[in-house]
Amino acid sequence: MTAWAEELRLVDHHCHSVVTDELDAAAFGALLTEAPAPAGDPWDSMLGLAVRRECAPVLDLPRHAPPADYLARRRELGAPVATRRLLAATGSDALLVDHGLRAADLLGLDGLSTAAGAPVAEVVRLEAVAEDVARSGVRPADYADALVEELARRTAGAVACKSILAYRHGFDVPPGRPAPAEVAAAAAEWSRTGGRLADPVLLRHALWCGVDRGLPVQLHTGFGDPDEDLHRANPVLLTDFCRATAGTGTPIVLLHCYPYHREAAWLAQVFPHVWFDVGLASTYVGHRAAEVLAEALELAPFGRLLYSSDAFGLPELYLVAARAFRRAAARVLGGWVAEDQAAEDEVRRIAAMIAGGNARALYRVP
Amino acid sequence: MTAWAEELRLVDHHCHSVVTDELDAAAFGALLTEAPAPAGDPWDSMLGLAVRRECAPVLDLPRHAPPADYLARRRELGAPVATRRLLAATGSDALLVDHGLRAADLLGLDGLSTAAGAPVAEVVRLEAVAEDVARSGVRPADYADALVEELARRTAGAVACKSILAYRHGFDVPPGRPAPAEVAAAAAEWSRTGGRLADPVLLRHALWCGVDRGLPVQLHTGFGDPDEDLHRANPVLLTDFCRATAGTGTPIVLLHCYPYHREAAWLAQVFPHVWFDVGLASTYVGHRAAEVLAEALELAPFGRLLYSSDAFGLPELYLVAARAFRRAAARVLGGWVAEDQAAEDEVRRIAAMIAGGNARALYRVP
Amino acid sequence: MTAWAEELRLVDHHCHSVVTDELDAAAFGALLTEAPAPAGDPWDSMLGLAVRRECAPVLDLPRHAPPADYLARRRELGAPVATRRLLAATGSDALLVDHGLRAADLLGLDGLSTAAGAPVAEVVRLEAVAEDVARSGVRPADYADALVEELARRTAGAVACKSILAYRHGFDVPPGRPAPAEVAAAAAEWSRTGGRLADPVLLRHALWCGVDRGLPVQLHTGFGDPDEDLHRANPVLLTDFCRATAGTGTPIVLLHCYPYHREAAWLAQVFPHVWFDVGLASTYVGHRAAEVLAEALELAPFGRLLYSSDAFGLPELYLVAARAFRRAAARVLGGWVAEDQAAEDEVRRIAAMIAGGNARALYRVP
């Protein structure tokens, strides 16, 4: 790989934290897939090959070591050591972390920062805040105000809000702010039924509370686990939402996007307040990350594409994402130089923007 | 091409049979396209180039022989000889054949087996069985039971069922089993109107009869002839159907999928009972089969991708598909080795899974 | 680049004209993006890199000259000289021009022909004619007849009609001809409300006036500016319209199509009266034009793909599109030869068809 790609400093603008338990083969395998109950060998995938290729040497094994050897060596070192080694090898300057999913199973943000040897900042999951507010026993008529207040409190030190509307409903909702009476009625209904936040009016309301907060609003789009309908998570379905937020001053950040990243790139070209990434895909597609990056760059302004891992649980995923990105940048942007389509200094500048510069400009990166 | 790719043994898990007539230029050309009435020169396509590249040498002509030379030589040898040579050159261990389309024009399954020098097993087209039941004069109230019975009889020696819901309606139907009263009412209506099976309730009913039968259920998805609306044949629209069948024990197999194969790969990752292929595309896209295979493998567990030709009519299509697959495997999986992203023994194992091993595990391959 | 690709003669079957003003950095940058109000540096994109790579040498600068140098040299030469040099370097035999957008800001067709050193013919924008008819004060009851008459007059010397239904509404309209009473009612409503043509009945009516005119009907599909909803501009949504026009004798031409060009290619395969291009994308995606071309050719009959630039405003865009196409043809079709998938004479013949031969067969190219 080209030296400049090895040396890029990364800002991972969207990830989660790592599990703290020692993992047996089944538990490790379950974190290698988006399937709730995987069938077959989870190592038999692009991601599995990438873990063996990129992570085995960091644990002192040969490249492509068999999964059983890898897991044995990982246990021998212990999860804390393996985690530190793998995270350190990513070359990250900062991690922006959504800690709203299964936080109890994961290393806390301070611990993650220590393990990674890099500062960590929080991305606040809007639905998690809304659910805390609802569970607090607030009266339905006071729900909206209470959410605004609680969100202000929880985001005081945060860098972004995040919406999982894609998982809870899909993007087929009206783009605008719901009316207060609608919100109160839906909150009343939710107070009767309980459960997680899934009402489309309240999901939209939470999203707009995020917009009003003024921090960048990240939205999960594209593939993920089967809680979602993939085609209802196509970022292009947010076009009216992009129009509706164009005058607010709040940046909109489309996460992941795959396999709809060409459509996301168009949104980033035509709306000045829209950013996106191809995280998660970078992790899962392994050696194909170069193609995904190249597709994303077809229409995207270079200033609007961000690096992320969207890693969750396994420290291996942070490293695979980082290596996949470096390889992809070397191949795609390096290819422009090799074929005399761009000068090398330009290409290095553009790679540094995507790796971290754009995120530094967008967020208050610690 | 790498030797290991040349030597892969194929199980073609979805194809049709070949025409028996000697073909003039117009008849041959009509089988080179999905257009009902082609305009222009049907050889001017990726498929046309691939036939000239792959099949001409098998008929003792130079590579890239002109179409007229090819057709003359084919007539000289006679269709039976050409068929035997072309099918034998595919390197197939077994063919799983949907014989429910224009069967009267095609070689019977025994004849196909002899010509191919490989065992053949049947895939039973659900709509064809339903139409036979309807034509038998069964009373509408007895239609449902009669279909179950006839399907049991027709699938006794079969390896799979197949649905062409995509052609007859599209995937925009409720995912679940229709109620008996709905089925009876729709059957009564059909008994009055006659014609081919196109009622969405009865199509769903036939599909669920297939699910209940317990054999793998194949569904046509993605591109085909213009009887279908391509966007209503996107396999991702089967997400709710995948959820509905998750507990049944019946495997669901998404056929073809192109150009929605990335979405199909996601379904195969998140649902343990879902398999898919990029057949038909492998035939039509010629030299681009490598890119389609690479895209399909981005998210797919290696154990869930199957080889098929979806060839119909021309023995040339079986060979083009087989050669396209071998070249694609050599380029894509061989590329992982060349770039040290995977070890060669792993890659050969994975290629053998896709070529035939996965089908052997899924079907009772003869 | 291969010599044969350099020597291809182009027929640009869909473009606009160029601005006549001297451009400052802001005005130039605004024409490098589909964003109405770009944020960030518009040169930081594949298109920006391509302008620096392809156009700088034509203005006597080194490849990859910095934007400021480029703009300074352009001003030094003056817009007329720069325009002539850039257009001449495209190697175009003819330009088919939609002059219905911001015509007052652009060079007239005669001026464009002189600057390009090539004949120019007109593509008539249906909505522009309809708006002129409406503004003429015609009675709503006479609107339909007046439009037919005016269209006949305006297309007397034209080569095609063009619809921007995608921008004004999206393709989610009934495919057939609207009834006369519907049209009269909608015309009456429009005469009250005024404004630009956006009523779906009248848009369909204008489109069918184009179909009835008998010249090829071009439709904007795929990406463009944010007036449109990209997913409602997917050409596959025109499937029923393709069915409805199949018997009319009027060719349907799908413009741009990206990122839905694989779906467009399927339409071109299965409907004998459908053509398409990947213009606009060729311009914007820069060095990735080869991949887009390769994807478009997967299913497309070689006789149905057309070259276009869809350039608007900047003469640079005509040259970037032309160079991108030549490079893409050299890489993709040349690659078939290099890997012995097709013979070189075939490949040169196919490249010449796409570059201009298909357009000559489809239109009365001057």
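The values are calculated or read from the model by the stated rules, or taken from the named source; none is laboratory data. Bear in mind that the values here come from a model prediction, so they are computed numbers and not experimental data. Heads up, the Cβs are rebuilt from the backbone with ideal geometry, glycines too, and the neighbour counts pull from every protein chain shown.
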Which residues, counting only those in region B:38-90, are away from every other protein chain (no Cβ under 14 Å), out of contact with any helix residue (DSSP H, G or I) (no Cβ under 6 Å at 6 or more places or on another chain) and not aliphatic (A, V, I, L, M)? B:D60, B:R75, B:E76, B:G78, B:P80
The correct count of residues that are part of a helix (DSSP H, G or I), touching a residue at least 24 places away in the same chain (Cβ under 8 Å) and either of a type in the set (V, I, T) or at positive phi (or both) in region C:110-152 is 2
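Conditions (1) crowded, with 20+ Cβ neighbours inside 10 Å; (2) of a type in the set (S, T, Y), marked per residue:
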position: A:G137; (1), (2): no, no
position: A:D172; (1), (2): no, no
position: A:A179; (1), (2): no, no
position: A:T193; (1), (2): no, yes
position: A:A198; (1), (2): no, no
position: A:G210; (1), (2): yes, no
position: A:L219; (1), (2): yes, no
position: A:G222; (1), (2): yes, no
When you go through (1) outside the structural domain of C:A166 (by TED's automatic domain parsing); (2) touching a strand residue (DSSP E or B) at 6+ places or on another chain (Cβ under 8 Å); (3) modelled with pLDDT under 95 one by one for C:G40, which number turns out not to apply? (2)
Could you list, in sequence order, all residues of region A:1-54 that are surrounded by fewer than 19 Cβ atoms within 10 Å (Cβ to Cβ), assigned to a helix (DSSP H, G or I) and among the charged types (D, E, K, R)? A:E6, A:E7
When every residue in region A:311-366 that is more than 12 Å from every other protein chain (Cβ to nearest Cβ) and of a type in the set (D, E, K, R) is compared, the one farthest from A:R9 (Cα to Cα) is A:E316
Flagged pairs (Cβ under 7 angstrom, 6 or more apart or on separate chains; first in region A:221-248, away from chain B (no Cβ under 14 Å); second part of a helix (DSSP H, G or I)) are A:P235/A:E263; A:P235/A:A264; A:P235/A:L267; A:T239/A:L267; A:T239/C:L230; A:C242/A:L267; A:T245/A:V211; A:T248/A:V211
Unique residue being over 16 Å from C:M46 (Cα atoms) and part of a loop (DSSP other than H, G, I, E, B) when the list is C:R364, C:R348, C:R360, C:R331: C:R364
Qualifying positions in region A:19-40 - without any contact (Cβ under 8 Å) to a residue 40 or more places away in the chain and closer than 16 Å to B:V270 by Cβ: A:G29, A:A30, A:T33, A:A37, A:P38, A:A39, A:G40
Hits in region C:55-87 - residues which are under 28 Å from A:E298 (Cβ atoms), surrounded by fewer than 21 Cβ atoms within 10 Å (Cβ to Cβ) and under 23 Å from the mean Cα position of the chain (by Cα): C:R85
Do we have B:R213 as of a type in the set (K, R), farther than 30 Å from C:V270 by Cα and in contact (Cβ under 8 Å) with a residue 40 or more places away in the chain here? yes
Sort out which residues of region B:328-366 are surrounded by 16 or more Cβ atoms within 10 Å (Cβ to Cβ), out of contact with any strand residue (DSSP E or B) (no Cβ under 9 Å at 6 or more places or on another chain) and more than 17 Å from B:L293 (Cβ to Cβ), and write them in order of number. B:A343
Any residue in region C:292-299 that is modelled with pLDDT of 95 or more, closer than 21 Å to C:E34 by Cα and small (G, A, S)? no
Report yes if A:A94 is more than 30 Å from A:M353 (Cβ to Cβ) and more than 14 Å from chain B (Cβ to nearest Cβ), otherwise no. no
Quick one: would you say B:V320 is in contact with a Cys (Cβ under 9 Å, 6 or more places away or on another chain) and either small (G, A, S) or over 21 Å from B:T2 (Cβ atoms) (or both)? no
Among strands (runs of 3 or more DSSP E) lying entirely in region C:195-312, which contain 3 or more residues that are in contact with a Cys (Cβ under 8 Å, 6 or more places away or on another chain)? C:217-221, C:274-277
If a residue has to be under 16 Å from B:A104 (Cα atoms) and either among the small types (G, A, S) or at pLDDT below 95 (or both) to count, how many in region B:122-141 make the cut? 1
Looking at region A:276-288, can you tell me whether even one residue there is within 12 Å of chain C (Cβ to nearest Cβ) and at pLDDT 95 or above? no
Test result for B:H99, buried (at least 23 other Cβ atoms within 10 Å of the Cβ) and either of a type in the set (S, T, N, Q) or under 19 Å from the mean Cα position of the chain (by Cα) (or both): no
